[in-house]
Amino acid sequence: MKEEDSESLSAAFASVLEFMNRTTKECEKYYSSVPVCRCKENEIKHVCRYHSRQASENLLKAMEKEKNKTSPVSSPAATPQQHGREASKDIYIEISPGTYSVTATSEDMVKQTHVVDITAGQSIDLTFNI
């Protein structure tokens with residue numbers, strides 16, 4: 001692969017990831033402003049699957065509060081357990097086979113890069129500790 005192509009591909013991935021990050025933030029902002037009682041089951045699954053652990057916990061706590069308002073008996077909140085880790089985000093993308101350099105940058109500008117070689121039909125998980 002030519003160096004120009006590699007730089008162009010890296011720039012394209014950076015643009016896609018930036019767009020996905022902005023979209024995620026807007027989506028989280030929307031769901032934090034919608035009363036839980038108005039959320040449909042698929043929306044709740046969406047937040048739990050695609051957003052941060054904190055967003056999921058907030059939604060589940062709000063659901064429990066709503067439930068307790070209408071129920072005379074209260075029960076403990078059904079929230080995912082924390083394991084001493086900060087909130088994380090999962091990003092899923094489909095790409096063609098090839099070798100890729102994937103870089104994640106935290107809000108305080110800490111960067112971490114993984115280089116991966118993807119074959120057809122392969123699925124991989126990358127974890128960034130930033």
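The values are calculated or read from the model by the stated rules, or taken from the named source; none is laboratory data. Bear in mind the structure is a predicted one, so any value in this text is a computation, not a measurement. Cβ: placed from backbone, ideal geometry, glycine included. Neighbour counts: every protein chain shown. These area figures cover heavy atoms from the full protein model, side chains too; ligands, DNA and RNA do not enter into them. Shrake-Rupley method; radii C 1.70, N 1.55, O 1.52, S 1.80 Å.
Just a few scattered comments:
- Over 32 Å (Cα to Cα) - which of Lys65/Lys111; Lys2/Lys29; Lys65/Lys89; Lys40/Lys89 fall in this group: Lys65/Lys111; Lys2/Lys29
- For the set Ser123, Ser88, solvent exposure ranked by accessible area (probe 1.4 Å, protein chains only) runs largest to smallest as Ser123, Ser88.
- Accessible surface of the range 3-64, 1.4 Å probe: 54 percent of it comes from carbon and sulfur atoms.
- Simple spin-label estimate for Asp117 and Thr103 in nanometres, 7 Å along Cα-Cβ: 2.3 nm
- Cα→Cβ-extended label distance, 7 Å offset, between Leu126 and Cys27, nm: 1.9 nm
- Accessible surface ranking that places the most exposed of Ser52, Ser15 first, with a 1.4 angstrom probe: Ser15, Ser52
- Calculated SAXS-style log₁₀ I(q)/I(0) at q = 0.28 Å⁻¹ - the range 1-60, Debye, Cα scatterers: -1.13
- Label-reachable residues, the range 102-130, where backbone N falls under 16 Å from a point 7 Å from Ile95's Cα toward its Cβ: 102-105, 112-128
- Phe19 contributes about 120 Å² of solvent-accessible surface, heavy atoms of the protein only, 1.4 Å probe.
- Taking all protein chains together and rolling a 1.4 Å probe, Met109 ends up with roughly 130 Å² accessible.
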